[in-house]
Amino acid sequence: MRSVGLNLVIGAGITAFFVVLATVSMVWTPYDITVLSVADRLQPPSGAHWLGTDHFGRDIVSMLMVGAQTSIAVALIAVGVGVLVGVPLGLFAAATHGSLLDEIVMRGNDVVFAFPALVIAILITAIFGPGAVNAIIAIGIFNIPVFARIARGSALPVWTREFIMAARLSGKGAAHISLEHVLPNIANTLIVQATIQFSLGILAEAGLAYVGLGAQPPIPSWGRMLAEAQTMIALAPHVAIVPGLTIVLMVLGLNLFGDGLRDLLDPRLRERSR
Amino acid sequence: MTLFVLKRLGSLLASLLAASLVIFLVLEVLPGDPAAFMLGLNAAPDTVAALRDQLGLNAPLWARYGGWLAGMTVGDFGISYTYRVPVADLIGARLGVSLPLAIYALTLSTLIAIPMGALAAASRNSPLDTGIMGVTQLGIAVPNFWFAMLLVLAFSVGLRWFSAGGFPGWDDPYAAMKALTLPAVALALPQASILARMMRSALIDTLDEDYIRTARAKGLSRGQALRHHALRNALIPVLTIMGLQFSFLLAGAIIIENVFFLPGLGRLVFQAINARDLIVVRSVVMLLVFAVVAVNFIVDVTYALVDPRLRRPVT
Amino acid sequence: MSLLRVKDLSLSIGPTPILDRVSLEAGRGEILGIVGESGSGKSLTALSILNLLPRHSRLSGSVIFDDIKLTRLSDRALNDVRGDDIGMIFQEPMTALNPVKTIGAQVAETVLVHGKAGRGEAMAIARQTLDRVGLGAEEFPLSRYPHELSGGQRQRVGIAMAIALRPRLLIADEPTTALDVTNQAQVLDLLKDLVREDGMGLILITHDLAVVAEMADTVAVLKAGRVVESGPVRDVFRQMRDPYTRKLFSASAHVPARKAQQSARTLLEVEGLVRTYPKPKPAPWAPRAFKVALDGVSLSVAQGESVGLVGESGSGKSTLARAVLGLETAQAGEIAINGAPVRGPGDTAFATRRAMQMVFQDPYGSFNPRHTVERLVAEPLHLLGTEAPSGAERRRRIDTVLTQVGLLPADANKFIHEFSGGQRQRIAIARALIVEPSLIVLDEAVSALDVSIRAQILDLLAAISERIGVAYLFISHDLHVVRAVTDRVYVLKDGKVVESGATSEVFERPRHDYTRALIAAAPRLDAALKTRFGE
């Protein structure tokens, strides 16, 4: 049981660390990242530049701090889109289980599911050009069927419980029951899924930015830092290694947080320890 | 069983039809006049008119959609505006890189993940289990394209075992497979981490089932119960996950082509986006969607082979 | 010398002590019954014998089977004993079989894993064994899968797996609890035959004293991990030296004191009710088939009357309950309560609905775990719309109903997980009472409870009815309970009422064959003792 708490603490610590970095970077960074200094380019880590500088002589710590803003904002808003659209759809499908409406929602879901986030990003970018907003939309749309499925899947067994029948006997309708009885009982699952989608969103954002479908210059982003570092990898490996490690740490933190949260919230585990 | 396959085939076609409609509407309606969009702002009106003519844009919307669908069924995806060759030829050549890469990676990740997950579940809470779980926890946090860059750094720049990129073509199968090996490993390992964790948790859930206890009461050892009863049941949820993961794998393959300068679908589609060649974009996107839907169909059918409740439903 | 001797067996799982120096003996060709309420440790006693215990279990004491000390054996050596010398049957037939393997392969596996025969011969033995448990080759080929069988049939497959090698001892853990009465009687008969034919020893674990009285030669009464009394069935049941045995005995046969209600005023009137469900179509072009759940059911309940509804699973009794409560729309027929029509979910007036409430079977599933008791009990007040009491008046009504069911007003602030199963059923009754209904539908409301708790709840229901004159529609598969607490009874089979009348009349002089079969199949404590020991 101790390791459960440990996952949660470490995960929450790492996540909080990045959120703080991103927040601080809005008002202060060690160096100004809009100033290019060719003389300082590709410096290895040192006392002045803890993690070195990139090919434009910009401080990598400062770049990573500002980049965290992009990553977190994109992933977080995309999760928001998925939850706000997907969960009501899933609840609706579960409430009308077996009907034509349920079928339509779920088949629609299947169709959206056939579009990986990258494909949606390709479609949007082909028409509107690249940008961070596209990444949000692409990952957000991809999240919708994920949340719809998990909401429906976990709501269905709740609907067969007898307390739902008790609520119906009290004259409550499907919408009322979904909000009052079903949603609170699936909230844990949804919260855990949200942390998973958040970490997947960080990875997806990095991938999209890497291939040029995400945030565009001059907005710093972890994925594009890697794209720019690629040609210099033999020359200055740290420029490629550091942003990658940053992504790994952030995603690892979120995953640990999610695991810890699941162990904490899982009713089966809680029931057992009681 | 036949009926089950027919039903799934029906829903496969329906999904494809709906997806094609979405793609068509996004790329043919959203930009306004696709011809003007593709040629840019300062194109001469008669060039635009000529392209409109070539694209058949003067026909009504539904007729264009129907024409596109009909063309695709016979392998006619249209003529690329930038390359001036049939899109089918362009895609065909690129597919020879992307498809083997995806299959290579899928095979690798399955071969690694299933035994690893099973091993971890069988030795639950042992140091081995903890070790596997730790490695996979790290594995799922690694962006595959960055992992690819590290592989290049280590094996191409450092050890010089592999060339840093490019693709020699299939004339020399050994060289081709060698060129795809680093990309496939980069794709497969993060994927294998996810799959191994799924396998472990599915197997642990299955080992808690009543029928495992029944098997033990018959005199099966722990290992026999796992092999003869738990594995096949655990594969049912794992198969579903594998199908869903395929779309990640496909997206990953397209991104990773950039790291290794592989002439695959990814390169084609990114160039097409820059050149605003909507015909190529449309075809590649449709192909990717087709791949995802088709793989999920295969998974569904395999699922029924494993689970008699789907194969022989009680009516 | 006896076949199995368990001596001073103690078990703890993690920090929790489960068994405390349990000692038992089972002989060849004899049936040992182990009875106890939930939590007594009877199932874990069974699992301890073959050491099929959960993780973190610590076992001490000795289990000696035919001179072999099982508690000394390694897991590998025990594998040779399991399934060969000692077979075991479990409670839940629905989950005890592997869903992806055929029944033939699963029965043959017992033979194969012990290396007693090659594949072909093992399949032949599987065939013989399935025939022996009543699953003939015609209807049950070896290639059948578990999901194609009913619960009773699956339990027979479970028995076949356990007896394929003709073990010397069979352990059956609540083998009939999940089955209908007629199935239960058949499975018990089968087990009795096996003991007689093979000279096998049988350990029968059950919560039901009547089953022990009918089947067992010796009995051990288990309470909180200890054997409080054991010996030949006749001695134990006649003398009942231990107060706990006496308590169990009287609770099993408990009949609450209640006055028969004779009211001329009809409360609920059901006329010609028909409910069908579309079956899933095997193919899109196939014609739609329908399952008939209710086939022209008529019944009535008078004011303050207690009416029983008896039937086995699939008889349509739950469908009837849902239709009566306006949760499902019937295809034909009329339902009226106090003269007001009851139709479907969206079509029944709140004023009509508040006349009926329900108490469910599962004391654990019928409450939203995230709400306080106050909120749970007050939920039906939603039916009063704008007239629903609020503030102090609302609280007063909650206090009143909680007191009525024997709980404290302070319990309103607790969450449901803080209560035991019996207390939860009290809360369920309080929830039903809060809108002052004229009818409460009790759907297997005491089936999940231990006998002593069940007796208390039945007393409570009788007292409430006496005080406020509420009528009950008492739905149950348990004939004793129905007999003990109802004035009239309806017997339901395949969606039809096959017999109805005054309860005493129906039970003493059943007219329909099915009713007779049901009554004959239900184990009865007093009758069994009388037949077997003539007292």
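The values are calculated or read from the model by the stated rules, or taken from the named source; none is laboratory data. The shown structure was predicted, so the numbers you read here are calculated from the model rather than taken from an experiment. Cβ atoms come from the backbone with ideal geometry, glycine included; neighbour counts cover every protein chain shown. We work out accessible area using only protein heavy atoms, side chains counted, and drop any ligands, DNA or RNA first. Shrake-Rupley method; radii C 1.70, N 1.55, O 1.52, S 1.80 Å.
Only one of these is out of contact with any strand residue (DSSP E or B) (no Cβ under 6 Å at 6 or more places or on another chain) and without any contact (Cβ under 8 Å) to a residue 24 or more places away in the chain: B:115, B:100. Name it.
Values: B:100 fails: without any contact (Cβ under 8 Å) to a residue 24 or more places away in the chain.
When all the criteria are applied, what remains is B:115.
Kindly list, by first and then second residue, each pair from a residue in segment C:517-529 that is farther than 16 Å from residue C:176 by Cα to a residue that is open to solvent by 40 Å² or more (accessible area, probe 1.4 Å) and part of a loop (DSSP other than H, G, I, E, B), limited to pairs with Cβ atoms under 6 Å and residues at least 6 apart or on different chains.
Partner pairs satisfying both residue conditions: C:525/C:253.
Name the single residue that is farthest from residue C:314 (Cα to Cα) among those in segment C:483-506 being acidic (Asp, Glu) and open to solvent by 50 Å² or more (accessible area, probe 1.4 Å). So that I can check it myself, show each step before the final result.
Pass one, segment C:483-506, residues acidic (Asp, Glu): C:487, C:494, C:499, C:505.
After this cut, where a residue has to be open to solvent by 50 Å² or more (accessible area, probe 1.4 Å) as well, the list is C:494, C:505.
Numbers: C:494: 7, C:505: 25 Å.
Checking each candidate, the answer is C:505.
For segment C:355-393, which residues satisfy the criterion of being open to solvent by 70 Å² or more (accessible area, probe 1.4 Å) and more than 8 Å from chain A (Cβ to nearest Cβ)?
Pass one, segment C:355-393, residues open to solvent by 70 Å² or more (accessible area, probe 1.4 Å): C:361, C:364, C:370, C:375, C:386-387, C:390, C:392-393.
C:364, C:375, C:386, C:387, C:390, C:392, C:393, listed by residue number.
Does segment C:330-350 hold any residues that are surrounded by fewer than 21 Cβ atoms within 10 Å (Cβ to Cβ), at pLDDT 90 or above and not in a strand (DSSP E or B), and which are they?
Of everything in segment C:330-350, those that are surrounded by fewer than 21 Cβ atoms within 10 Å (Cβ to Cβ), at pLDDT 90 or above and not in a strand (DSSP E or B) turn out to be C:331, C:338, C:339, C:350.
Can you pull out the residues in segment C:354-372 that are out of contact with any strand residue (DSSP E or B) (no Cβ under 9 Å at 6 or more places or on another chain) and under 17 Å from residue C:471 (Cα atoms)?
Hit for segment C:354-372 is C:354, nothing else.
Name the helices (runs of 4 or more DSSP H) wholly inside segment B:217-315 in which the number of residues that are within 14 Å of chain C (Cβ to nearest Cβ) and of a type outside the set (A, V, I, L, M) is 1 or more. Lay out the reasoning, then the answer.
Numbers: elements: B:222-225, B:231-260, B:265-274, B:278-306, B:308-311.
Qualifying helices (runs of 4 or more DSSP H): B:222-225, B:231-260, B:278-306, B:308-311.
Would you check if residue B:32 is within 14 Å of another protein chain (Cβ to nearest Cβ), exposed (fewer than 15 other Cβ atoms within 10 Å of the Cβ) and small (Gly, Ala, Ser)? It would help to see each step written out before you state the result.
On the way: within 14 Å of another protein chain (Cβ to nearest Cβ): yes; exposed (fewer than 15 other Cβ atoms within 10 Å of the Cβ): yes; small (Gly, Ala, Ser): yes.
Spelling it out, residue B:32 is indeed within 14 Å of another protein chain (Cβ to nearest Cβ), exposed (fewer than 15 other Cβ atoms within 10 Å of the Cβ) and small (Gly, Ala, Ser).
Yes or no: segment A:137-149 includes at least one residue that is more than 28 Å from residue C:368 (Cα to Cα), open to solvent by less than 10 Å² (accessible area, probe 1.4 Å), within 9 Å of chain B (Cβ to nearest Cβ) and among the β-branched types (Val, Ile, Thr).
Initial filter on segment A:137-149 (more than 28 Å from residue C:368 (Cα to Cα)): A:137-143.
This time we only want the ones that are open to solvent by less than 10 Å² (accessible area, probe 1.4 Å), so: A:138-140, A:143.
Retained after the next criterion (residues that are within 9 Å of chain B (Cβ to nearest Cβ)): none.
The answer is no; no qualifying residue exists.
Does residue B:247 satisfy being touching a helix residue (DSSP H, G or I) at 6+ places or on another chain (Cβ under 6 Å) and crowded, with 19+ Cβ neighbours inside 10 Å?
Numbers: touching a helix residue (DSSP H, G or I) at 6+ places or on another chain (Cβ under 6 Å): yes; crowded, with 19+ Cβ neighbours inside 10 Å: yes.
Spelling it out, residue B:247 is indeed touching a helix residue (DSSP H, G or I) at 6+ places or on another chain (Cβ under 6 Å) and crowded, with 19+ Cβ neighbours inside 10 Å.
State whether one or more residues within segment B:124-142 are closer than 30 Å to residue A:201 by Cα, open to solvent by 30 Å² or more (accessible area, probe 1.4 Å) and under 21 Å from the mean Cα position of the chain (by Cα).
Kept after step one, since they are closer than 30 Å to residue A:201 by Cα, are these residues of segment B:124-142: B:129-142.
Now restrict to residues that are open to solvent by 30 Å² or more (accessible area, probe 1.4 Å): B:130-131, B:133-135, B:138, B:140.
Filter once more, keeping what is under 21 Å from the mean Cα position of the chain (by Cα): B:140.
Yes, there is a match, as at least one residue in segment B:124-142 is closer than 30 Å to residue A:201 by Cα, open to solvent by 30 Å² or more (accessible area, probe 1.4 Å) and under 21 Å from the mean Cα position of the chain (by Cα).
Identify the residue in segment C:297-329 that is in contact with a Leu (Cβ under 8 Å, 6 or more places away or on another chain) and open to solvent by 40 Å² or more (accessible area, probe 1.4 Å) and, among all such residues, is nearest to residue C:264 (Cα to Cα).
Within segment C:297-329, the match that is nearest to residue C:264 (Cα to Cα) is C:303.
Please specify each residue of segment A:98-117 satisfying the condition of being surrounded by 15 or more Cβ atoms within 10 Å (Cβ to Cβ), more than 14 Å from chain B (Cβ to nearest Cβ) and part of a loop (DSSP other than H, G, I, E, B). Even if it seems obvious, please write down each step before you answer.
Within segment A:98-117, the subset surrounded by 15 or more Cβ atoms within 10 Å (Cβ to Cβ) is A:102, A:105-106, A:108-117.
Next, from what is left, pick out any that are more than 14 Å from chain B (Cβ to nearest Cβ): A:102.
Passing the criteria: none in range.
Residue-wise test of (1) open to solvent by less than 30 Å² (accessible area, probe 1.4 Å); (2) within 22 Å of residue A:224 (Cα to Cα); (3) under 22 Å from the mean Cα position of the chain (by Cα).
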residue	(1), (2), (3)
B:145	yes, yes, yes
B:153	no, yes, no
B:184	yes, no, yes
B:187	yes, yes, yes
B:190	yes, yes, yes
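For residues that are part of a loop (DSSP other than H, G, I, E, B) and either crowded, with 22+ Cβ neighbours inside 10 Å or at pLDDT 95 or above (or both), tally how many sit in segment C:4-17.
Taking segment C:4-17 and keeping what is part of a loop (DSSP other than H, G, I, E, B), we get C:14-15.
From what is left, the residues that are either crowded, with 22+ Cβ neighbours inside 10 Å or at pLDDT 95 or above (or both) are none.
Qualifying residue count, segment C:4-17: 0.
Could you check segment C:179-207 and list, in sequence order, the residues that are touching an Asp or Glu at 6+ places or on another chain (Cβ under 9 Å) and acidic (Asp, Glu)?
Once the filter is applied, which keeps residues that are touching an Asp or Glu at 6+ places or on another chain (Cβ under 9 Å) and acidic (Asp, Glu), segment C:179-207 yields only C:180.
If only one of C:190, C:165, C:170, C:194 is within 13 Å of another protein chain (Cβ to nearest Cβ), within 30 Å of residue C:478 (Cβ to Cβ) and aliphatic (A, V, I, L, M), which one is it? Walk me through how you get there before you give the answer.
Numbers: C:190 fails: within 13 Å of another protein chain (Cβ to nearest Cβ); C:165 fails: within 30 Å of residue C:478 (Cβ to Cβ); C:194 fails: within 13 Å of another protein chain (Cβ to nearest Cβ).
Exactly one of C:190, C:165, C:170, C:194 is within 13 Å of another protein chain (Cβ to nearest Cβ), within 30 Å of residue C:478 (Cβ to Cβ) and aliphatic (A, V, I, L, M), namely C:170.
Pick from segment C:241-279 the residues that are open to solvent by less than 30 Å² (accessible area, probe 1.4 Å) and aliphatic (A, V, I, L, M): which of them is farthest from the chain's Cα centre (by Cα)?
C:267
I want to confirm something. Restricting to segment C:173-207 and keeping residues that are among the charged types (D, E, K, R) and touching a Ser or Thr at 6+ places or on another chain (Cβ under 8 Å), which single residue is most open to solvent (accessible area, probe 1.4 Å)?
First, the residues of segment C:173-207 that are among the charged types (D, E, K, R): C:173-174, C:180, C:189, C:192-193, C:196-198.
From the residues that got through so far, the ones that are touching a Ser or Thr at 6+ places or on another chain (Cβ under 8 Å) too are C:173-174, C:180.
On the way: C:173: 13, C:174: 13, C:180: 30 Å².
This residue is C:180.
Return yes or no: is residue A:107 of a type in the set (D, E, K, R) and under 30 Å from residue A:207 (Cα atoms)? Quick ask: steps written out before the conclusion?
On the way: of a type in the set (D, E, K, R): yes; under 30 Å from residue A:207 (Cα atoms): yes.
Yes: the conditions hold for residue A:107.
Only one residue in C:509, C:467 is out of contact with any strand residue (DSSP E or B) (no Cβ under 7 Å at 6 or more places or on another chain), within 26 Å of residue C:211 (Cα to Cα) and open to solvent by 30 Å² or more (accessible area, probe 1.4 Å), so which one is that?
On the way: C:467 fails: within 26 Å of residue C:211 (Cα to Cα).
After ruling out the rest, the residue left standing is C:509.
Residue by residue through segment C:132-172, note down the ones that are over 22 Å from the mean Cα position of the chain (by Cα), farther than 27 Å from residue C:27 by Cβ and outside any helix (DSSP H, G or I). So that I can check it myself, show each step before the final result.
Restricting attention to segment C:132-172, the residues satisfying the condition of being over 22 Å from the mean Cα position of the chain (by Cα) are C:132-145, C:148, C:160-170.
Next, only the ones that are farther than 27 Å from residue C:27 by Cβ stay: C:135-145, C:148.
C:135, C:136, C:137, C:138, C:139, C:140, C:141, C:142, C:143, C:144, C:145 - these are the residues of segment C:132-172 that are over 22 Å from the mean Cα position of the chain (by Cα), farther than 27 Å from residue C:27 by Cβ and outside any helix (DSSP H, G or I).
Of the conditions (1) surrounded by 21 or more Cβ atoms within 10 Å (Cβ to Cβ); (2) without any contact (Cβ under 8 Å) to a residue 40 or more places away in the chain; (3) closer than 30 Å to residue B:130 by Cα, residue A:58 satisfies every one except a single condition; which number is it?
The single condition residue A:58 does not satisfy is (3).
Can you say whether residue A:105 is under 24 Å from residue B:15 (Cα atoms), among the β-branched types (Val, Ile, Thr) and in contact with a Ser or Thr (Cβ under 9 Å, 6 or more places away or on another chain), as far as the supplied structure shows? Don't jump to the end; show me each part of the working.
Numbers: under 24 Å from residue B:15 (Cα atoms): yes; among the β-branched types (Val, Ile, Thr): yes; in contact with a Ser or Thr (Cβ under 9 Å, 6 or more places away or on another chain): yes.
Against the criterion (under 24 Å from residue B:15 (Cα atoms), among the β-branched types (Val, Ile, Thr) and in contact with a Ser or Thr (Cβ under 9 Å, 6 or more places away or on another chain)), residue A:105 qualifies.
Scan (1) touching a residue at least 60 places away in the same chain (Cβ under 8 Å); (2) under 31 Å from the mean Cα position of the chain (by Cα); (3) loosely packed, with under 12 Cβ neighbours inside 10 Å for the single condition residue B:40 breaks and write down its number.
Single failed check for residue B:40: (2).
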